[in-house]
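Here is the structure we will look at, set down as structure tokens.
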Amino acid sequence: MRTDIFARLDREPEPPKIEPPRMSRHRIALFCGTLAFYLAIVVAVLVSSRLVALDWKVMLFRPYQQWPEIHAFLDYYIVLGQRGPTATMVACWLGWRSWRQHTMRPLLTLGASLLLLNVTVGAVKIGLGRLGPHYATQIGSAELFAGGDIFPSGHTANAVVTWGILAYLATTPRARRYLSAASAIVSLGVGLTTVYLGTHWLSDVLLGWTAGLLILLGLPWVEPLITRAEAWIFAQREALRGRGRPVPSVPVAACGPRTVVLPQPVGATAETPVLEPVAAGGHPATTTGTVAGARSRAHPAAPSHLVRSERTPVTPAGSRRPPHADRTPRGGTAPARPMSGG
């Protein structure tokens, strides 16, 4: 009885035709609006506006002291924003998809998005150098250029990109909607958790959400590079496979004669007969030369059907009949034989 329990684990016979999202006018408008919001948050923090005052109010409220019963749960929930565990889980899923669909695009897209995340978010973190709430020195200050690295929030941006990439790579509109909603809920929860634990300002979380969304919206611009990288990887794989393959040998016919080229002795001419080598088993081997021609020149009157091998004929055991080569022709004189034993 056949069972198809693991049928979904089989590789698809042909790669699906997945068209990556294009940079449409709607997407460009969203990207530009998000970028403007990103710059507005940075400027608001730089000038110590009301947004910085709101940061201090939330920090002094100390949410972790107001609701201590959820502290233990949120300590585990924050892992959904850490880059190492989340990238490993998502990479395993996308790696299986890459193997099943015969394409490297899911893994390459994840790698490109994380690289962009490290470059853009890391550069702003180091450039602004903002301190966290636990290390603040002056109430009401933006705590910029003090050697910190929390603005924007890396946990929040990583949650947006890592879980949002699943929605970006979805193959159906329905799956894209569901995954977009799920990734938005997860990233929203991770950002608010960092505010609850007191590790980030509220403005850090806002900028982290915006930074992650900018990367997801700008990924279609990177698709041509991903396509080239995939083609290069497949070309290298085929080259490695070609090196490991054995060189095919020329097949030899099973019943065909083997041709052996024998070197001519020194001083030999065209009239010199070529000796016929005897192969294993006593059968003569065919040589490239004029073996038959040499025989015909040595015995011109002998018909072709009388030419035989020059091996010694075998006499059956127990027979008194003399060997074929020692027969005496009728009317002739028997050749003299050497006397043995005497």
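So for the pair residue 118, residue 171, with labels modelled 7 Å out along Cα→Cβ, what separation do we get in nm?
The modelled label-to-label distance comes out at 3.0 nm.
Mind giving me the nanometre distance, one decimal, between the label points for residue 54 and residue 23, set 7 Å out from Cα along Cα→Cβ?
Label-label distance for residue 54 and residue 23, simple model: 3.1 nm.
In nm, give the distance between the simple-model label positions of residue 231 and residue 61, each being 7 Å from the Cα along the Cα-to-Cβ direction.
5.4
With +1 on the Cβ of every Lys and Arg and -1 on the Cβ of every Asp and Glu, and nothing else charged, how large is the dipole of the stretch 79-187 about its Cα centre, in debye rounded to the nearest 20?
Values: 9 positive and 2 negative charges, 116 e Å.
Here the stretch 79-187 has a charge dipole of around 560 debye.
Which one, 222, 234, 199, is farthest towards the positive end of the dipole of the stretch 156-251 when Lys and Arg carry +1 and Asp and Glu -1 on their Cβ?
The residue sitting farthest along the positive end of the dipole is 234.
Each reported figure results from applying straightforward, stated rules to the coordinates on display, with no laboratory input. All values derive from a computational prediction rather than experimental measurement. Every residue, glycine as well, gets a Cβ built from its backbone with ideal geometry; the counts of neighbours run over all protein chains shown.
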